[in-house]
Every structure is written in C-alpha cells, then in structure tokens.
Amino acid sequence: MATVMISKGLINEVTSAVSLLYSEALQEANKVPPHWFDTIYNLLLPADIQKKMSELPPLFFRYAPSVSVFTNSYGVICLENKQRLLLPWSLDSNISGLMHSTSIIQSLQLNEQDPRWSSFLREAKERNDKIASVRLQTSEAVNNARELLNQFGSLGPALKAWPPLWDLLSENTKNRHKQKVVIKKKKEVNLPDNMDDLTTKLTVNRMTQE
C-alpha cells in the first residue's frame, strides 16, 4: 500500500463527504408543509371576508405564485400558492393579523401576538427544531471526523483506527492508497581486488593515530 499523507485537502474531502451524508435529512427537515399557504390564507382572511371577496369580480384582486411570511422567531418562510388563491390589493393590519398594513402581498410580517397564529407558529417551531437538530448532528459529525484525522500523519493508521473512514474517501484517494509500492532491490556492490591493500592501510593509519 502507498503512503497517503493526511493533508488539508484530504480532511476537506472527508468532511465534505460527512456533510453530504446528512444533506438528505436536512432537505427533509427544510420542507415546508404544503397546507401552510392555505392555513395562512384562511387565518389572514376570515370566512366573512372571503365571502365578500367571492361576490366581487376578480379584477379587485391579484394572484401571487408565492408569499414570503416573516416571523421574528422563525425567520422567513416561503409558501407556494398552489391553489392559485387570489389576494386583495392591500391588507389591513387590524383585520389580517399582520404587523403593518401592506400592499406588498408577497411579503407578510405576522403579528405574533395575535392569537390566530399560535397553531401555525407552533408548527413553525417544530420545523425549526428539526432543522437545528440535523445541523447540530452534521456539525458534530464533521468535527469528529476532523479530530480523528488530525491525530494521524498518514491515511493507513487512520483507517486501522476507524475502518468506516474508507466509505468517506473519494475513488482517487482509494486508488492512491491501494497503489502497490515497488521496493527497488539494492544493487550488489563488488569491491575491486586491490581494495584489501587500501583497507589495511586505512586500518593501520587509524591505529597509529590512536
């Protein structure tokens, strides 16, 4: 086996592979429940308002393919309007439960003190907690892998200490590690016949100096 030194590049290779292991779980945690837009819409516009809207021509409203909901506690949540529901040209904070009246319906800042949002905010917290948990697991795994590699100068001993490390290596690194090292045979040295005299002279000379 060839000696593969543990370099900064190799550590980055392994830690990137570790992060990739958790990427699917992070994507899953980041998913926005599909019913959230409808939930926000129905809380934003109570049933009596929606009834009045249904009695008016569509030109009084507009369509937004998505809406960004701003919360102080859980950041920005982008919601897709898959039902193609229409929204008013402006929203009154006294009716809608928003922090401010707005005509920019693509960006809505919730008034989190309004009790209508309590159930939604609870679900948003659960989603955020899942995201935070996966990120923490990823960070710990990356740090553990880095700490392991920093204990060794070359790859071989690290693999002996923790064999699963092999699955985190690129094909190029695996091939380098598996490469056979050809040890050259030492060339045989044939001393000339007259070297005996020189050897004797050097020995006598050393003894004389002593």
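The values are calculated or read from the model by the stated rules, or taken from the named source; none is laboratory data. The structure presented is a predicted model; accordingly, all values stated were derived computationally and were not measured. Heads up, the Cβs are rebuilt from the backbone with ideal geometry, glycines too, and the neighbour counts pull from every protein chain shown.
For the range 78-97, the criterion of being part of a helix (DSSP H, G or I), under 36 Å from the mean Cα position of the chain (by Cα) and either farther than 22 Å from P34 by Cβ or among the hydroxyl-bearing types (S, T, Y) (or both) is satisfied by no residue at all. When S101, S118, S93 are screened for being farther than 22 Å from K51 by Cβ and surrounded by fewer than 16 Cβ atoms within 10 Å (Cβ to Cβ), only S118 passes.
Taking the criterion of being touching a helix residue (DSSP H, G or I) at 6+ places or on another chain (Cβ under 6 Å) and either of a type in the set (K, R) or on the phi < 0 side of the Ramachandran plot (or both), the residues of the range 81-110 that qualify are N81, L85, S96, H100, S101, L110.
Helices (runs of 4 or more DSSP H) fully within the range 101-210 that include at least 3 residues being modelled with pLDDT of 95 or more: 118-149. Given the criteria on the phi > 0 side of the Ramachandran plot and either charged (D, E, K, R) or in contact with a Ser or Thr (Cβ under 9 Å, 6 or more places away or on another chain) (or both), does R122 qualify? No.
You will find that of V18, V69, the residue that is surrounded by 12 or more Cβ atoms within 10 Å (Cβ to Cβ) and in a strand (DSSP E or B) is V69 and no other. Taking residues in the range 44-62 that are in the same structural domain as T102 (by TED's automatic domain parsing), and partners anywhere that are hydroxyl-bearing (S, T, Y), the pairs with Cβ atoms closer than 8 Å and at least 6 places apart or on different chains are L44/S96; L45/S96. May I ask you to list the residues in the range 128-152 that are farther than 11 Å from I11 by Cα, surrounded by fewer than 12 Cβ atoms within 10 Å (Cβ to Cβ) and in contact (Cβ under 8 Å) with a residue 60 or more places away in the chain? Once the filter is applied, which keeps residues that are farther than 11 Å from I11 by Cα, surrounded by fewer than 12 Cβ atoms within 10 Å (Cβ to Cβ) and in contact (Cβ under 8 Å) with a residue 60 or more places away in the chain, the range 128-152 yields nothing. Checking the range 51-66 against the condition returns a match, with at least one residue being under 28 Å from the mean Cα position of the chain (by Cα), surrounded by 10 or more Cβ atoms within 10 Å (Cβ to Cβ) and over 15 Å from L91 (Cα atoms). Would you mind stating whether S23 is in a helix (DSSP H, G or I), polar (S, T, N, Q), exposed (fewer than 14 other Cβ atoms within 10 Å of the Cβ) and modelled with pLDDT of 90 or more? Answer is yes for this residue.
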